[in-house]
Amino acid sequence: MPSPDLAERTLQLVDVPSESRSEAALVALVREVLPGTAQYDDGEVLLYGEAGAPVVLAGHLDTVPAQGNVPGRIADGVVHGLGASDMKAGIAVMIELARAGVPARYLFFTREEVPVDESPLPALFESGLLGDAELAVVLEPTDCIVHAGCVGNLQAGVTFHGESAHSARPWTGVNAIHELVRGLEPLVRLEPLDVELDGLVFREVVSVVRVDGGIASNVIPAEAHAELNFRYAPGRTRAEAEARLRSLVRNGELEVLSNSPSAPPALANPLVGRLRELVPEVAPKQAWTPVAQFAEQGIDAVNYGPGATAYAHKRDEQVPVANLERCSETLRAFLGSV
């Protein structure tokens with residue numbers, strides 16, 4: 001069967017729903033279209049290609065929940081639909097490079113758009129099959145430029161306690177919502193912190209993303225809750241990030257819900273240098289990606305993919321067909337030079 005073009009392949013992938021934790025149908029499709037036998041296949045992670053190849057191309061199969069954007073469509077040189085940008089465009093490029101026999105290892109995996117504790121990648125890392133890899137290129141949406149490193153992503157809940165009372169006599173209790181407002185003031189006043197590494201500026205930011213409290217209009221609330229999101233720069237460990245967040249909400253009871261690590265830029269890697277000869281433009285990754293999981297295993301990694309960052313996770317998610325072609329040509333040339 002002749003290989004479809006990259007746009008048609010991307011549309012085919014978009015039209016197979018694969019929201020996080022429901023990726024089985026897309027895993028089956030990848031198995032069906034890829035040549036050869038998988039080096040590793042546990043139903044959640046597929047590893048194809050040349051054993052011992054220095055470069056691993058990696059991409060996640062899952063998407064965020066649908067927003068009425070399945071099935072997809074191709075119009076005016078653009079593929080539209082759920083996951084088109086993040087990151088079925090990258091998966092399409094990987095599939096077609098693998099089908100063309102371009103030398104690399106091709107890694108497909110599930111459950112990336114959920115907390116890192118659910119990632120299936122640790123089992124693959126424990127197998128040792130990637131122990132000799134020299135570089136991982138994660139095909140996250142980057143608009144066909146190199147995005148180096150990534151920020152960590154710490155999600156936490158904080159509870160403020162009070163004492164319930166009648167709202168006509170609030171002085172007889174302690175209003176937990178008022179305690180929350182006061183307790184979060186240092187965080188609200190906090191300015192973004194710019195951290196420079198290898199000439200790239202990562203921005204640390206803390207945000208309150210959800211608040212709730214109270215049980216009735218005539219009751220002073222005894223508890224109030226907030227959810228916090230801390231994006232922290234490379235160089236700060238998970239433990240240091242948690243300690244930093246606790247220092248900002250000293251009066252609250254903090255519970256860490258998830259903590260995905262940051263990753264360094266890895267620009268000193270010789271293979272990254274070769275990639276940059278083809279893609280000179282580089283930017284810091286002001287988001288979390290699986291490059292952090294590779295970095296924790298001692299494998300240098302960068303982000304480079306065809307997806308349009310401005311459209312990732314949007315209702316009208318989309319990717320230009322020109323990006324697909326440019327990314328594929330660049331990776332084909334890069335892998336041919338390794």
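The values are calculated or read from the model by the stated rules, or taken from the named source; none is laboratory data. It should be emphasised that the depicted structure is a prediction, and the values quoted were computed from it without experimental measurement. Virtual Cβ from ideal backbone geometry, glycine too; neighbours counted across all protein chains shown. Accessible surface is based on the protein model in full, side chains and every heavy atom, while ligands, DNA and RNA are left aside. Shrake-Rupley method; radii C 1.70, N 1.55, O 1.52, S 1.80 Å.
So if I check each of L190, L184, which one is in contact with a helix residue (DSSP H, G or I) (Cβ under 9 Å, 6 or more places away or on another chain), modelled with pLDDT of 95 or more and surrounded by fewer than 18 Cβ atoms within 10 Å (Cβ to Cβ)?
L190
Give me a count of the residues in the stretch 137-160 that are in a strand (DSSP E or B) and open to solvent by less than 10 Å² (accessible area, probe 1.4 Å).
10
With the requirement that a residue be part of a helix (DSSP H, G or I), closer than 28 Å to P261 by Cα and either acidic (D, E) or touching a Leu at 6+ places or on another chain (Cβ under 6 Å) (or both), what does the stretch 293-330 give you?
The answer is Q293, E296.
Within the stretch 315-338, how many residues are surrounded by fewer than 16 Cβ atoms within 10 Å (Cβ to Cβ) and either aliphatic (A, V, I, L, M) or free of Cβ contacts under 8 Å to residues at least 60 places away in the same chain (or both)?
Qualifying residue count for the region: 4.
Is there a residue being open to solvent by 20 Å² or more (accessible area, probe 1.4 Å), at pLDDT 95 or above and either of a type in the set (V, I, T) or touching a Cys at 6+ places or on another chain (Cβ under 9 Å) (or both) anywhere in the stretch 223-234?
No: zero hits.
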